[in-house]
1. May I ask for the angle, rounded to the nearest 10°, between helix 320-332 and the longest principal axis of the chain, with both axes built from Cα atoms and the value confined to 0 to 90°?
2. Estimate the FRET efficiency between Thr416 and Arg328 by the formula 1/(1 + (r/R0)^6), using the beta-carbon distance for r and 25 Å for R0, to the nearest 0.05.
3. Tell me, what HN-Hα J-couplings in whole Hz come from the Karplus equation 6.51 cos²θ - 1.76 cosθ + 1.60 at θ = phi - 60° for each residue of region 122-136, using x for Gly and Pro?
4. Calculate the radius of gyration of the Cα atoms of the chain to one decimal place, then report Dmax, the largest Cα-Cα distance, as a whole number, both in Å.
5. Could you give the size of the charge dipole of region 1-95 about its Cα centre, using +1 on the Cβ of each K and R and -1 on the Cβ of each D and E, expressed in debye and rounded to the nearest 20?
6. State the percent of C-alpha pairs, over all pairs in region 46-158, separated by a distance greater than 24 angstrom.
7. What percent of all Cα-Cα pairs in region 107-173 falls into each 10 Å bin, going from 0 up to the bin containing the maximum distance?
8. Mind checking the dipole of the chain: about its Cα centre, +1 per Lys or Arg Cβ, -1 per Asp or Glu Cβ, Debye to the nearest 20?
Amino acid sequence: MDEVEIAPQPVQRFADVIGDEPVARLLDTMATARDQLGAGTVWHVNSTAEGGGVAEMLHSILGYPAACDIRVRWLVIDGNEEFFEVTKRLHHLLHGSDGDGDGLDERDRQTYESALASDGAQLRRLVRPGDAVILHDPQTLGLAPLLAASGAHVIWSCHIGADSPNQRTRAGWRFLEPYAAHTSNQVFSRRQYGWDVLDPAQVVVIPPCIDAFSAKNQVLDDDTVAAVLAAAGIVATRAPASATFTRQDGATGRVTARADMIEDTPVPATAKIVTQISRWDPLKDHVGVLTAFCGAELDGDAHLVLAGPSPDSVTDDPEGQQTLDELRAAWSALPPEQRRQVHLACLPMDDLEENAAIVNALQRRTDVIVQKSLAEGFGLTVAEGMWKGRPTVGSRVGGIQDQIESGVSGVLVEPTDLAGFTATVRNLLDDPETAAELGRAAQDRVCAEYLAPRHIDRYFQLITALY
């Protein structure tokens, strides 16, 4: 089990973004929590320190309570290949999907519990009675019985689910329910994800969030955007500025690592760009995005960038390389004139803040952001794109439909409606005035609903209620 360092961040810097009153309210909430916790610690436990929305969110938000003298620690479980195969199967089941079709049996339960045993032993030595432990997603829920027996207050935060449960979803519930029974509360990102086998009084809805000041979301001017994308080898341009960004600790970072680009020719400096940024996961439907884009019959000035983390950097996702290989095969099969307009970008992950700065620049340079997921827990890449004022096209699934008010702050399309995606993207590229209007409304919506202060306030109100 590894520990991730948390850098304190001042809550007061949000005053210029959301106003003084919400900041004061959050400070009061955390002061109450600090008094209730006393010498206790708030622990967050998840399955990876990099890659995926949960890890990114924890990097962004945990510094704020730390700066308010609340003891906060973040631990990452070890797992092994067999364990992550089981949890990836759970991931698909909870989304209502077959995944590899193998289902779950008692051998899988033994694999799951055995892999968590050593992590549990370490946690038991660290966690004290009265501490609050937040376990994230199915990978960590098996630790709940041991932690509850040690006297900790255990909360399970589940970031995934299905809009409508089916027999596959319920199979995932049956596997996890014995562990969930040992938690004080179960937190879901959407009301629809809450299991009907749980006590409704224990179910809490807290949407995830983004941090306006992180390397992924901080303001970058146009020259810096161009410089970052040039340094990363994504867009061919000679930028006049330096490829710099501000790190969490206030130091100046510089983008020097290059993306691994799968392309015939680089993205031209003046191209219109359509982008999807996500993990290499079959539920993100990269091939569907590629097919929809190529069906739009756009002129040569429009280019598609499908971007994700270097697949060997995400330890809890064994399907990443396979998904990328399948996408590359689909790209290779395109006619040459279409293939040159599609670019696959594996973003460097050695420096997480550098990676975030590249994503930030790519989103800000993009004309239309898409997230054509077949299933989605929440989809923070949607909020990220909306925060940059970009017109965003998303599937009408999961948390995407919570974020986008279709026709007001973006456009929702049914996940399998390729023609609908094609027409929507084409219309937004052809109508920059409407695209800009959607982008402005999108940024306002994120500011009101999905920035870090509101998320943190909800969590600490929940924690305070446990004491």
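The values are calculated or read from the model by the stated rules, or taken from the named source; none is laboratory data. This one's a predicted model, so the numbers in the text were calculated from it and none came from an experiment. Don't worry about glycine lacking a Cβ; one is built from the backbone with ideal geometry, like all the others, and counts go over all protein chains shown. Side chains included, ligands, DNA and RNA excluded: accessible areas come from the protein's heavy atoms. Shrake-Rupley method; radii C 1.70, N 1.55, O 1.52, S 1.80 Å.
1. 10 degrees
2. Details: r = 23 Å, r/R0 = 0.90.
About 0.65, to the nearest 0.05.
3. Result, rounded to whole Hz: 5, 4, 4, 6, 9, 7, 9, x, x, 5, 9, 10, 9, 9, 9.
4. According to the Cα coordinates of the chain, Rg and Dmax are 21.6, 64 Å.
5. Approximately 240 debye in magnitude.
6. Values: 1807 of 6328 pairs.
Summing the P(r) of region 46-158 above 24 Å gives 29 percent of all pairs.
7. 19, 45, 28, 9
8. The calculation lands at about 680 debye.
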